[in-house]
Amino acid sequence: MEYRRLGDTELEVSAIGLAAWPLTTSAWQGDDGEALAFLQKSYDLGINFFDTADVDGHGKGEELLGKAFGGNRELVVLATKIGYDFYNDPAADGVSGSRRFDADYVRYAVERSLERLSTDYIDLLQLHHPTLEAVHDDALFATLEDLHTEGKIKCFGAALGPGLGHHDEGVLAMRKRGAKTLSTIYNLFEQDPGRKFFTVALETMTGILLRNPHANGILDDTATAPSEVKSSGYYPPRTEAWAREAIEKRKKLAWIQKGDMTIGQAVLRAYLWEETVPSALVETQRLEQLGEFCETTDKPGFVREEIAEIAEQYRRNFDVPKA
């Protein structure tokens, strides 16, 4: 496993990070004991960076991480998110529902997250889908700075969403607010606005964290038909037309698989070419597949010309008619 600096912080994170939310949804086939074993095996495979949100399973993601690593806290880098007020709005699910970023709520949410994580500090606290108004709120960022000074968080960032877009929020978070990380949906089929963030991140020394890197299973070959496209917990939801188009695009990417690389490894290797990307957050419930992903940094990297060809294919929509 390769380890990279998280933005301009002193934290070192695994280039392959794990999104914990798949262990908290109805799609998870195991019990809590199996979820804990999955997390611990992830660490054995070299992963030290785990990402969740307080709203994942309404606290379950944090509780699982707290149980898995509470006794070895210094060995892992834990990232969580706050912003969806599921305490007062049970319908809040990280996609819809009440969002709050006022100082009192932020402090309350951080304290509850610390309890569930069984820790006295959070390595990376992320604002969960902040609005433009929130990014402009001086009081919010004064509160985050106070939490940092108090030692309750090591650094803060922003997780953009829901869905694609939110360019202005992302740029402001980096340039005006000093966000150490910016989390965004990014895969070879959905490179905007992510590509624009890379340039700004170089200027601001921000780490860009990539979500949904395998495009709901199409870019790791677990979905080869529209009916197989992963849906539970993923956002944005996929239409059959989107899935059919994406499957055709996948066929145009066979050339990026070098030697014995799988497509799942090849796309991760392409993302990690970007120096501003400290970690790609993989989303899987299968240990065999996780082991495959964790071998990515042992595989050959790409050269600039190959990355340019991928960009050109994207510009042409991979020569596939738009749905």
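Read the figures in this text as sums done on the coordinates, not as results from a lab. Keep in mind the model is a prediction, meaning the values are calculated, not measured. Don't worry about glycine lacking a Cβ; one is built from the backbone with ideal geometry, like all the others, and counts go over all protein chains shown.
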Q: Could you tell me which of V320, T9, L147 has its Cα farthest along the dipole of the chain towards the positive end, charges placed at Cβ (Lys, Arg +1; Asp, Glu -1), taken about the Cα centre?
A: V320
Q: Under 25 Å Cα to Cα from K180, which lysines show up? Leave out anything in the same chain fewer than 8 places away.
A: K81, K152, K154, K196
Q: Sum up the charges of everything whose Cβ sits under 9 Å from the Cβ of L78, counting Lys and Arg as +1 and Asp and Glu as -1, but leave L78 out.
A: -2
**Q.** the chain: most fluctuating residue of G217, G157, G94 per GNM, C-alpha cutoff 10 Å
**A.** G217
Q: Place the peptides 199-210, 242-253 in order of packing, highest mean first, counting for every residue the other Cβ atoms within 10 Å and averaging per peptide.
A: 199-210, 242-253
Q.
How charged is the neighbourhood of S183? Take every other residue with its Cβ under 10 Å from the Cβ of S183, and add Lys/Arg as +1 and Asp/Glu as -1.
A. +1
Q.
Could you give each residue of the stretch 200-211 its phi-based ³J(HN,Hα) in whole Hz, using Karplus coefficients 6.51, -1.76, 1.60 with θ = phi - 60°, and x for Gly or Pro?
A. 5, 4, 5, 5, 9, 6, 9, x, 9, 9, 9, 10
Q) How big is the antiparallel share of DSSP beta bridges in the stretch 3-319, given as a percent to the nearest 5? A) 15 percent
Q. For the stretch 3-319, what relative contact order do you get, as a whole percent, if you take Cα pairs closer than 8 Å and at least 6 residues apart?
A. 18 percent
Q: Could you check which residue among A308, A20, A159 shows the biggest mean-square fluctuation in a GNM of the chain with a 10 Å Cα cutoff?
A: A308
Q. In Å, what Rg and Dmax follow from the Cα atoms of the stretch 1-140?
A. 15.1, 43
Q | 3J(HN,Hα) from dihedral phi, the stretch 52-69, Karplus parametrisation 6.51/-1.76/1.60, rounded to Hz, x for glycine, proline | A | 9, 9, 4, 7, 5, x, 6, x, 5, x, 5, 4, 4, 5, x, 6, 6, 10
Q: Sorted from largest down, give the three principal axis spans of the alpha carbons of the chain, whole angstrom values.
A: 51, 42, 37
**Q.** Nearest-20 debye value, the stretch 3-319 charge dipole, Cβ charges on Lys, Arg, Asp, Glu
**A.** 620 debye
Q: Just add up the charged neighbours of D137: K/R +1, D/E -1, any other residue whose Cβ is under 15 Å from the Cβ of D137.
A: -3
Q) Cα gyration tensor of the stretch 176-323, axes a ≥ b ≥ c as square roots of the eigenvalues: rounded (a/c below 1.5), prolate (a/b > b/c) or oblate? A) rounded
